[in-house]
Amino acid sequence: MVSRVIPVDPFDLVVFGGTGDLAQRKILPALFRRHCDEQLPDGARIIGAARSDLTRESYQALVAEALQTHCGAVAPEQLARFLDRVLYLRVDATDPAGWQALTQELGKPRQDRVRVFYFSVGPSLFAPLAEQIWAHELADDQTRIVVEKPFGHDLASARALNQTLASHFDESQIYRIDHYLGKETVQNLMAIRFGNMLFEPLWNSQYVDHIQITVAETVGVGGREAYYDKSGAMRDMMQNHLMQLLCLIAMEPPAKFDPDAVRDEKLKVIRALEPVEPHHIVRGQYVAPSGATGSDLTYRETVGAPRSTTESYVALKAHISNWRWAGTPFYLRTGKRLVARSSVINVFFKDAPHSIFGADAGRHANLLTIRLQPDEGITLKVTIKEPGPGGMRLMDVPLDMSFAQALGDNIHGAPDAYERLITDVIRGNQTLFMRGDEVEAAWAWTDPIIAGWTSRGDVPKPYDSGSTGPGDADLLMRRDQRDWRGINP
Ligand code: NAP
């Protein structure tokens with residue numbers, strides 16, 4: 001089984017913030033890997049743009065270093081061919097000075113060449129960039145812009161950002177990236193749900209007891225202290241990544257795999273979310289376990305704010321008010337400095353309505369586990385007879401499929417999230433990008449939760465670095481006679 005590589009159309013991709021961390025670590029390596037797979041056509045150009053005083057040669061040297069750091073072994077001839085595509089221009093988003101050179105380099109938009117502006121800069125520069133692009137007539141109705149997260153800080157700022165972009169670009173031209181949606185396994189959620197007859201008839205509150213979504217990280221907030229302390233886990237992870245996973249797990253089947261059909265269904269899920277009761281949510285903040293020493297083990301020390309009340313962990317119980325899910329709780333949790341790095345969705349099915357094997361057989365229910373990372377795969381826990389004599393005793397065994405084992409090199413060779421998303425932008429496919437109304441709906445659900453914390457003076461519960469999170473998150477489950485599935489995959 002060999003995956004096909006279909007070259008994209010010729011393009012000019014301008015990376016504003018081309019000297020920044022994201023460009024160097026993700027965007028340029030992603031483009032380089034697509035180049036190595038022969039997916040970039042001859043003549044495709046990548047134009048780094050930032051304020052730094054660099055020549056084309058010194059920028060190419062910077063890019064070469066980034067690729068050598070982030071792409072493993074880099075073949076010199078591949079690198080040289082890739083660097084031939086790379087230009088650099090000094091452009092300040094807030095100053096018209098450098099824009100003439102960019103205008104000269106790009107020329108008028110052309111029908112036979114896709115033009116993309118990637119805004120890999122802080123959100124305060126999105127509006128100035130959009131304005132300069134229009135003032136210099138660098139865009140037409142085929143031009144695309146890519147906007148990085150965070151998309152707003154709350155509903156008001158997201159709405160303002162949407163309005164600013166909408167005053168220059170049509171929604172069909174705006175690609176809001178949530179790199180989670182570009183992950184192979186996240187897209188696989190749709191394939192699993194809508195490509196198999198097996199699951200869909202059971203995918204509702206009649207058969208599903210509850211669903212758990214966990215995105216656990218072992219890293220702390222080091223390196224992003226200032227941003228994170230203003231944001232916290234609710235804004236940084238729950239409002240976007242976990243919300244997107246929830247949408248993909250809970251949405252109705254779209255009529256076709258088409259951008260607006262998929263996004264319409266996701267939007268309906270977000271809009272059907274009930275407000276979260278204060279006692280259905282737990283916030284945590286990591287602290288060093290007693291006796292432990294080491295950098296970045298205590299949140300407040302790391303961010304340099306001894307009284308910070310920003311959460312590095314959040315767990316909550318959500319309900320979706322629609323026919324499919326009424327009465328089925330969705331438990332979502334995410335945190336930093338936890339015991340393991342894992343993203344996993346557990347779908348707990350209900351017990352059989354009547355056990356023909358009697359009380360001694362115990363309670364047995366099916367559990368579908370979808371592992372997004374690490375070791376992507378699916379496990380279905382099924383009940384069988386315990387082998388041997390001694391009557392009809394039951395036991396649960398896993399039907400386990402690791403995609404790495406089943407698909408071998410095809411999964412390792414699969415493009416990473418940024419590779420897929422950037423090629424989707426060039427192809428003009430918005431399916432894996434968030435629409436403006438989706439982002440606003442997600443903030444509309446998130447804002448009251450955060451406002452509630454502020455008005456109640458809520459302080460996050462401490463939890464030990466390297467643990468599974470605050471004990472109150474376990475209580476949240478126990479009150480419902482349930483338990484979290486272990487974080488360790
Ligand atoms: P960064 O390392 O601080 O880079 C910012 C870039 O913007 C630099 O290239 C900087 O170059 C350029 N810049 C700053 N002011 C400018 C101006 N007035 N005109 C033109 N260019 C300007 O930030 P980053 O980590 O790459 O993040 C970029 C964006 O991606 C942010 O919105 C961030 O939230 C988002 N993001 C980042 C990550 C990540 O892992 N890094 C992940 C998700 C989202 P000069 O100083 O040379 O101008």
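The values are calculated or read from the model by the stated rules, or taken from the named source; none is laboratory data. Everything numeric in this text was worked out from a predicted model, so none of it was measured. Virtual Cβ from ideal backbone geometry, glycine too; neighbours counted across all protein chains shown.
Here is how the numbers come out for the structure above:
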read-out	value
Scan of the range 134-159 for residues that are within 16 Å of the ligand (Cβ to nearest atom) and within 24 Å of the chain's Cα centre (by Cα), ordered by number	145, 146, 147, 148, 149, 150, 151, 152, 153, 154, 157, 158
Qualifying residue in the range 116-132 (condition: within 16 Å of the ligand (Cβ to nearest atom), closer than 20 Å to residue 259 by Cα, in contact (Cβ under 8 Å) with a residue 24 or more places away in the chain and not hydroxyl-bearing (Ser, Thr, Tyr))	yes
Candidate set: the range 433-458, residues that are over 25 Å from residue 248 (Cα atoms) and touching a strand residue (DSSP E or B) at 6+ places or on another chain (Cβ under 8 Å); chosen: the one surrounded by the fewest Cβ atoms within 10 Å (Cβ to Cβ)	458
Where a residue in the range 351-368 is over 12 Å from residue 209 (Cβ atoms) and its partner, wherever it lies, is surrounded by 15 or more Cβ atoms within 10 Å (Cβ to Cβ) and at pLDDT below 85, with Cβ under 8 Å and at least six apart	355/361
Spans of helices (runs of 4 or more DSSP H) in the range 235-306 with at least 2 residues under 23 Å from residue 346 (Cβ atoms)	243-250, 259-272
Single unsatisfied condition, residue 420 versus (1) at pLDDT 95 or above; (2) buried (at least 19 other Cβ atoms within 10 Å of the Cβ)	(1)
Filter pass, residue 336 being surrounded by fewer than 17 Cβ atoms within 10 Å (Cβ to Cβ) and of a type in the set (Lys, Arg)	no
Of all residues in the range 47-61 being more than 23 Å from residue 425 (Cα to Cα) and surrounded by 20 or more Cβ atoms within 10 Å (Cβ to Cβ), the one that is nearest to the ligand (Cβ to nearest atom)	59
Inter-residue pairs, beta-carbon under 7 Å, first under 26 Å from residue 327 (Cβ atoms) and in the range 453-482, second surrounded by fewer than 18 Cβ atoms within 10 Å (Cβ to Cβ), 6+ apart	472/461; 477/483
Residue match in the range 305-319 (condition: under 24 Å from the mean Cα position of the chain (by Cα), among the acidic types (Asp, Glu) and crowded, with 16+ Cβ neighbours inside 10 Å)	yes
Selection status of residue 255, more than 16 Å from the ligand (Cβ to nearest atom) and either crowded, with 21+ Cβ neighbours inside 10 Å or among the β-branched types (Val, Ile, Thr) (or both)	no
Residue list for the range 192-234, filter: at pLDDT below 95, within 18 Å of residue 320 (Cβ to Cβ) and either outside the structural domain of residue 464 (by TED's automatic domain parsing) or not in a helix (DSSP H, G or I) (or both)	199
Near pairs, Cβ below 8 angstrom, 6+ apart or cross-chain, from the range 75-93 (closer than 11 Å to residue 45 by Cβ) to any residue that is assigned to a loop (DSSP other than H, G, I, E, B) and more than 16 Å from the ligand (Cβ to nearest atom)	85/40; 85/44
Pick from the range 170-228, criterion within 16 Å of the ligand (Cβ to nearest atom) and basic (Lys, Arg), ranking: surrounded by the most Cβ atoms within 10 Å (Cβ to Cβ)	176
Yes/no for residue 81 being among the basic types (Lys, Arg), more than 22 Å from residue 421 (Cβ to Cβ), in contact with a helix residue (DSSP H, G or I) (Cβ under 8 Å, 6 or more places away or on another chain) and within 12 Å of the ligand (Cβ to nearest atom)	no
Among (1) surrounded by fewer than 16 Cβ atoms within 10 Å (Cβ to Cβ); (2) in contact with a Phe, Trp or Tyr (Cβ under 7 Å, 6 or more places away or on another chain), the one test that residue 75 misses	(2)
Search result, residues across the range 1-46 that are without any contact (Cβ under 8 Å) to a residue 60 or more places away in the chain, of a type in the set (D, E, K, R) and within 16 Å of the ligand (Cβ to nearest atom)	21, 25
